[in-house]
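Data first, discussion second: the structure below is written as structure tokens.
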Amino acid sequence: MNYLKFALLCMVLVGVNTSHAKNISERQIDRIVENAMKVFSVPGMGIGVIIDGKVRHAKGYGVRSLSRNDKVDTKTYFGIASNSKGFTATALGLLVEDGIIKWDDKVKDHLPDFQLSDPWITDHFTIADLLSHHSGLPLGSGDLMWWPDSNYQPDEIIKKMRFLKPDREFRTTYAYNNLPFIVAGAIIPAVTGKSYHQFLQDRIFDHLNMTHCTANTPMMAANDNIAEPHAVLDGKLKQVKRYLTIEQVPGSIAAAGIQCSVDDLLKWEMMHLNHGKGLMSKAAHDQLWQVNTAMNVTDNHIQNGITYRGYGLGFTLNDYHGQQIISHGGALIGMYSHLTMVPELGFAIAIISNQQSSSANNHIKNQILDQIMNVSGRATAKQIYKAGEKRQKQEVSRLKKLKSSIFTIISPDNYIGIYTDPFWDDVTISKNTNGLYFTSSRSPSLKGSLEHYKNNTYIVRWDDRTHEADAYVMFENDATGKVKSFTMKAISIRTDFSYDFHHLNMIKQ
């Protein structure tokens, strides 16, 4: 291939002129955000935009709570969920730079109780492996230890990791998993003597003057500038209860528990755009942005300007029309966040919302990013909403066809008892006036009636309908016909992967 053809090919692959970011006005951003909030029923958002290394937009939209109607501002706390992972990775990067730990240190050397199901993997599992989503565990494995309202502390999770079964080879395949990040957070007190939240306060939040960002949620209790979670349930926007309460520090803090304002997330992104300036050396910082685990690239990705995807240490990495993109999303019940950075353009977006619609955040991010990169062709908010509604209606229609049966193989009384799984502990199957009833000892809100489906299978209908995670409960009998155990599986493909019922094996005691 001669030079001219090669140059033309590169121009086609890049597709756009991205040497400089195009400008976008505050009014344009307002229109994008306000339209998305209306289409996707989002009560409140915080939006920040950095262009050419300067904050060009920081604004609160809508209300913190439907019940109080208080306005969101740039200092309103939102749960940033899995964007906490970048903070955990950066904190450990500071300890690497301090010489206290090394990325290739074995986890068990700092946390002796750490053990996986395979002894060889346990012996070779490093701190960097904790942050790279290539543990060999399946998607969301063990998440019921922190989701939706379990609060196992990190030391319990570390001891129970040995009961989780891998479904792929170690360090070969990407599979998103929260528990290794919780373990990673436990490295910090083990080597410094400081709690995770105090270390972040001292070494990150104070250094960057992030006055409205915290890993110590009880400190927010006296502050009323906090966004409350919301969700669209049965077609109506409703305020829902928080993931745990702000009066306690969740055991999952290092994976998903940090609370931040949009002002402070812009400070966080500015530090990263400057490769650690004001916090850590460029060499130490840039280790976070090296691909450790390759991620799948589909034809759809390629058609949309993406040719590679991977995960570094707490950050997702990909290209987009020739530019490197550093990003991460985060979702909790009733909360969603998204951070995107384009280092070569000095560009970043911070989006936080108090409604769990990822579509709203992704649409806003895409619209603003495409504007500054001079890219066109994305679907409109209405088109995205209609496509999502169509899929949801199809799934609702399918679920309605799941007919229950009054004919059971054995008497319901035979199912009554306590069942135990080594990582989720006890579930009680009891009986009330309406029939069989399911109660989890570690997840207080996961309780509900058992409706017979067919044969030895029931469906549990959660009393708390915000879960949207009803599940099959599939009982098994022993050779004598007595009930010995049950497994579970979500009835809907739309159920969040962190309801990892399918990893349970509940044995009757």
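The values are calculated or read from the model by the stated rules, or taken from the named source; none is laboratory data. All of these numbers come straight from a predicted model, not from anything done at the bench. Backbone-built Cβ (ideal geometry, glycine too); neighbour counts: all protein chains shown.
Which residue pairs have Cβ atoms under 8 Å apart, sit 6 or more places apart or on different chains, and have a first residue in the stretch 80-106 that is assigned by TED's automatic domain parsing to the domain that holds G44 and without any contact (Cβ under 8 Å) to a residue 60 or more places away in the chain and a second that is of a type in the set (A, V, I, L, M, F, W, C) and part of a helix (DSSP H, G or I)?
Within 8 Å, the pairs are K102/V96; K102/I127; D104/I127; D104/A128; D105/I127.
Go through (1) in a strand (DSSP E or B); (2) aromatic (F, W, Y); (3) modelled with pLDDT of 95 or more one by one and return the number of the condition Y453 breaks.
So Y453 meets the others, but not (3).
Any chance the stretch 128-142 includes a residue that's surrounded by 23 or more Cβ atoms within 10 Å (Cβ to Cβ), charged (D, E, K, R) and assigned by TED's automatic domain parsing to the domain that holds Y243?
yes
Here is a list: Q324, Q355. Which entry is touching a helix residue (DSSP H, G or I) at 6+ places or on another chain (Cβ under 8 Å), part of a loop (DSSP other than H, G, I, E, B) and not β-branched (V, I, T)? Steps first, answer last, please.
On the way: Q324 fails: part of a loop (DSSP other than H, G, I, E, B).
One residue alone meets the criteria, Q355.
Taking the conditions exactly as written (modelled with pLDDT of 90 or more and crowded, with 22+ Cβ neighbours inside 10 Å), does I326 satisfy them or not?
No.
Could you tell me how many of the residues in the stretch 76-115 are under 18 Å from V42 (Cα atoms) and either among the small types (G, A, S) or assigned to a loop (DSSP other than H, G, I, E, B) (or both)?
Going residue by residue through the stretch 76-115, those that are under 18 Å from V42 (Cα atoms) are 76-81.
Retained after the next criterion (residues that are either among the small types (G, A, S) or assigned to a loop (DSSP other than H, G, I, E, B) (or both)): 76, 79-81.
So the count comes out to 4.
Check K238 against each of (1) touching a residue at least 24 places away in the same chain (Cβ under 8 Å); (2) outside any strand (DSSP E or B); (3) not β-branched (V, I, T) and name the one condition it does not meet.
That leaves (2) as the condition not met.
Would you point out which residue out of F181, F199 is part of a helix (DSSP H, G or I), modelled with pLDDT of 95 or more and in contact with a Lys or Arg (Cβ under 6 Å, 6 or more places away or on another chain)? Working first, answer last.
Numbers: F199 fails: in contact with a Lys or Arg (Cβ under 6 Å, 6 or more places away or on another chain).
Within the list F181, F199, the selection yields F181.
Out of the residues in the stretch 20-31 that are of a type outside the set (S, T, N, Q) and either in contact with a His (Cβ under 8 Å, 6 or more places away or on another chain) or in a loop (DSSP other than H, G, I, E, B) (or both), which is modelled with the lowest pLDDT? Break it down stepwise before answering.
Taking the stretch 20-31 first, the residues of a type outside the set (S, T, N, Q) are 20-22, 24, 26-27, 29-31.
Restricting the remaining residues to those that are either in contact with a His (Cβ under 8 Å, 6 or more places away or on another chain) or in a loop (DSSP other than H, G, I, E, B) (or both) gives 20-22, 24, 26, 29.
Working: H20: 65, A21: 73, K22: 81, I24: 93, E26: 95, I29: 97.
Across the stretch 20-31, the extreme among qualifying residues is H20.
Where residues in the stretch 147-178 are touching a Lys or Arg at 6+ places or on another chain (Cβ under 9 Å) and within 20 Å of P250 (Cβ to Cβ), which of them is surrounded by the fewest Cβ atoms within 10 Å (Cβ to Cβ)?
Once the filter is applied, the top-ranked residue is N151.
Would you confirm whether or not the stretch 401-416 contains a residue that is part of a strand (DSSP E or B), at pLDDT 95 or above, of a type outside the set (G, A, S) and in contact with a Lys or Arg (Cβ under 9 Å, 6 or more places away or on another chain)? Steps first, please.
Step one: filter the stretch 401-416 for residues part of a strand (DSSP E or B), giving none.
For the stretch 401-416, residues part of a strand (DSSP E or B), at pLDDT 95 or above, of a type outside the set (G, A, S) and in contact with a Lys or Arg (Cβ under 9 Å, 6 or more places away or on another chain): absent.
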